[in-house]
Amino acid sequence: MSQRLQPAVFLDRDGTINVEKGYVYRIDDFEYIEGVIDGLRSLRGWGYQLVIITNQSGIARGYYSEEDFYRLTHWMLLDLDMRGVHIEAVYHCPHHPFEGNGKYTRNCNCRKPKTGLFYQAAEELAIDLSNSIAIGDKLRDLEICNETEVKGILLSETFIRQKGIVSCKDWREIICRIRKMRGD
């Protein structure tokens, strides 16, 4: 019996869920973007799986460890759950193609704008890409939209409109845009 595919919202973390402060890895530095909690609750209520896909090159650069990343992620997931937001999974890329040293310095398939983690999530979580959305604060977060039917929303004050991608200035506008996409 085949598994039924479900739509998802792929979310970048820094600059999309939390305020971009440059290599956030400590709980004390983590601050939610205004409106994100209500926005994520709405998305879950509409039946979307929520999946975080994040570049974490601070690991490769030696700014923090992968254990630091896991510690913050564990806290964030518990905190979101307590606020009524369930995140299905978090996928991260700890690599950088030329900065840093050791095992994390390499050109990989998982660092956005490459799309390896999106396809991994789609396979592991039975995601229907044709009915899914990607939200990020940089165009590299939305590269999957150029390869598939995933629709993209750029969280930015800068207006952009290209095939499959629109820009929204805040989470309230994102939710209005998705409501319109759904025909609600």
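Of all residues in the range 1-49, which are under 27 Å from Ile59 (Cβ atoms), in a loop (DSSP other than H, G, I, E, B) and among the acidic types (Asp, Glu)? Answer for the range 1-49, where residues must be under 27 Å from Ile59 (Cβ atoms), in a loop (DSSP other than H, G, I, E, B) and among the acidic types (Asp, Glu): Asp12, Glu20, Glu31.
Being open to solvent by 70 Å² or more (accessible area, probe 1.4 Å), out of contact with any Pro (no Cβ under 7 Å at 6 or more places or on another chain), of a type in the set (A, V, I, L, M) and without any contact (Cβ under 8 Å) to a residue 40 or more places away in the chain: is that true of Leu154 here?
Taking the combined requirement at face value, the residue does not satisfy it.
Please work out if Glu88 is charged (D, E, K, R), within 20 Å of Asp137 (Cα to Cα) and under 16 Å from the mean Cα position of the chain (by Cα). The answer is no for Glu88.
Look at Ala8 and say whether it is among the hydrophobic types (A, V, I, L, M, F, W, C), open to solvent by less than 70 Å² (accessible area, probe 1.4 Å) and in contact with a His (Cβ under 7 Å, 6 or more places away or on another chain). Against the criterion (among the hydrophobic types (A, V, I, L, M, F, W, C), open to solvent by less than 70 Å² (accessible area, probe 1.4 Å) and in contact with a His (Cβ under 7 Å, 6 or more places away or on another chain)), Ala8 does not qualify. In this structure, Ala134 qualifies as surrounded by 13 or more Cβ atoms within 10 Å (Cβ to Cβ) and touching a Phe, Trp or Tyr at 6+ places or on another chain (Cβ under 9 Å).
Rundown of residues vs (1) of a type in the set (A, V, I, L, M, F, W, C); (2) free of Cβ contacts under 8 Å to residues at least 40 places away in the same chain, yes/no style:
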{"position": "Gln3", "(1), (2)": "no, no"}
{"position": "Leu11", "(1), (2)": "yes, no"}
{"position": "Gly15", "(1), (2)": "no, no"}
{"position": "Tyr25", "(1), (2)": "no, no"}
{"position": "Tyr32", "(1), (2)": "no, yes"}
{"position": "Ile37", "(1), (2)": "yes, no"}
{"position": "Arg41", "(1), (2)": "no, no"}
{"position": "Gln49", "(1), (2)": "no, no"}
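Annotation note: Cβ proximity below 6 Å between a residue of the range 98-123 that is closer than 16 Å to Asp141 by Cα and a residue that is open to solvent by 80 Å² or more (accessible area, probe 1.4 Å) and in a loop (DSSP other than H, G, I, E, B) (sequence gap 6+ or interchain) occurs for Gly116/Asn109.
The values are calculated or read from the model by the stated rules, or taken from the named source; none is laboratory data. Predicted model only: the values in this text are computed from it and were never measured. Cβ: placed from backbone, ideal geometry, glycine included. Neighbour counts: every protein chain shown. Only protein heavy atoms, including side chains, enter the accessible area calculation; ligands, DNA and RNA are left aside. Shrake-Rupley method; radii C 1.70, N 1.55, O 1.52, S 1.80 Å.
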